[in-house]
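Values quoted throughout were computed directly from the atomic coordinates according to the rules given, and no laboratory measurement underlies them. Note that the structure is a prediction, hence the values are computed from the model and not measured. Cβ coordinates were reconstructed from backbone atoms using ideal geometry, including for glycine residues, and neighbour counts include every protein chain displayed.
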Amino acid sequence: MRNLTIRTKMTMWYSFMLLILLSIFSFLVYAMMSKMMYSGEENLIKAHAAQAVSSVEVENGSVKFTEPHELVISGTYITVYDKRGQIIFGGDGIYPDIDIKKPSEEKLRVIKTKDNTWMIYDRPVHEENGLVAWVRASRSLMPVGKTMENLRDILFLTIPLFLIIASGGGMFLASRALAPIDRITKTARAIGHGDLSRRLNMPNVQDEVGRLAMTFDEMLDRLEKSFKKERQFTSDASHELRTPIAVIRAIAEETLTGERNGDEYREALEIILKEAAKMGKMVSQLLLLTRGDEGRYRLEMEKIDLKIVVEDVAGEMQSMAEQYGIDLCIDAGKSVVVKGDQTLLTRLFMNLIENAVKYNKRGGWVKVTLDEVKNFARIIVEDSGIGIPEEDLPHVFDRFYRVDRSRSTDGTGLGLSIVNWIVKIHSGKIDIMSHPDKGTRFIVYLPLNSSRDGS
Ligand SMILES: Nc1ncnc2c1ncn2[C@@H]1O[C@H](COP(=O)(O)OP(=O)(O)OP(=O)(O)O)[C@@H](O)[C@H]1O
Ligand SMILES: [Mg+2]
């Protein structure tokens, strides 16, 4: 049963049900017909017997009977007995192969002979002074039996015929209804061989299979997109990692070609160290992002005062700002408490402030403002830097996206995608505004810690 196709199983169930229904129906038809025909015969024999009784006459003590003409042609045989049981009219010769007793009580019987079945009805004839005679009416039930036999034959013939037609029709309909599933299977198989661009593209039918096909196509859309993203990500990552590796290799090879003095070795090692640090940073950023993608990052949510975090980060960035000749200032009044992961929030401000310092002009400024707006903590990081061209704004959160590679030589383009992920994972929102040559403003909204117990 398990190896059968749905089509065959459906047809088999359907035919089985039909067989049961047809059998019940046939049985009922047969039983009802038989009852109707027998009771028709019963009524007829009783009416004929009554007619015969009314034709019995007693004259001077002797019984006389003239069979009514209608009875002769209606197939009812009449035998009349006098009260002592002597036959006056007709005879028992109509059913020669059985011996049947003379009438003695009013009775309706059905008697089977070797080649026929008889319905026999005995009726007494009474006059004023009691019983005078007996009338026996007999009808052959052969015609009824024949009709019932015919009906049985018809039913036995039609049941298999109906079953064959219905199963054929059922099989055809099931095949038609299930044909799209075969298509889905074929497409799924093609996809199994790596062709993610295939779609079922079935006409927009709102039945079960139509909905399945639509869901399947939607799933493929998502799969294809995420596969493409994944592939792009891997290729970008390897590409980005290739550059520092190439630099390290070239420097090492060149340094090893001849005799070098101590300073030259030192210089080469410093470059190698810088490139290795860059690779290290990139790898740890990639790891963080992939962990986030896979949902493997274990968030440690706790009550966090953003004022402290922002001040700590700004303190750490101060020396870098000085190095770039930037004035970094903070405008944070009272404590703003959110629920978040300390490490990630620190990373978030670090990345934003680092960008604001890096992509600034000498003598420029960076301002970090912290306040509350409705149920959100709002952090604004703005700078007087080089800005981002409008056409690049939608892409700055993409992985490995750098506006102009010449402006960030040591950047990997992952900083803002990490910022974006951190904001999302904290159910927050980030906006960006920028004017080339004037500066950029990032606004981050994080939901305030709403639970009173602070847990
Ligand atoms: N405050 C800003 N002012 C001007 N341009 C910016 C600013 N912040 C980001 N950008 C631009 O957006 C790009 C993407 O920034 P992102 O922080 O993602 O990468 P990155 O700084 O190049 O590298 P990473 O942060 O990984 O070291 C940068 O290359 C830079 O061109
Ligand atoms: Mg950055």
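Laid out as a table, the results:
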| read-out | value |
| --- | --- |
| Aspartates and glutamates with Cα under 19 Å of LYS225, excluding same-chain neighbours fewer than 8 positions away | ASP195, ASP217, ASP236, ASP293, GLU294, ASP398 |
| ASP99, ASP383, ASP341 arranged by Cβ crowding within 10 Å, fewest neighbours leading | ASP99, ASP341, ASP383 |
| Residues of region 153-173 with amide N under 16 Å of the 7 Å Cα→Cβ point at LEU18 | 156-173 |
| Cα centroid separation - region 160-200 against region 134-148, whole Å | 59 |
| FRET efficiency estimate (nearest 0.05) - Cβ-Cβ, LEU173 to SER39, R0 30 angstrom | 0.10 |
| Virtual spin-label span in nm between ASP404 and GLU302, 7 Å along Cα→Cβ | 4.3 |
| Gain on full stretching of the segment that runs from GLU270 to LEU256 - 0.36 nm per residue minus C-alpha separation | 3.5 nm |
| Net lengthening on full extension, SER62/MET142 (0.36 nm per residue, minus Cα-Cα) | 25.2 nm |
| Sorted by Cβ density within 10 Å, fewest first, the residues ILE353, ILE78 | ILE78, ILE353 |
| Sites VAL29 and LYS186 - FRET efficiency at Förster radius 51 Å, r taken between beta-carbons, to 0.05 | 0.60 |
| Simple spin-label estimate for ALA47 and GLN86 in nanometres, 7 Å along Cα-Cβ | 3.5 |
| Antiparallel %, DSSP beta bridges [both residues in the chain], to 5 | 90 |
| Least to most buried among ARG109, ARG7 (fewest other Cβ within 10 Å first) | ARG109, ARG7 |
| Region 208-293: C-alpha gyration tensor shape, a/c 1.5 cut-off, then a/b vs b/c | prolate |
| Gap separating the Cα centres of region 270-344 and region 71-111, nearest whole Å | 120 |
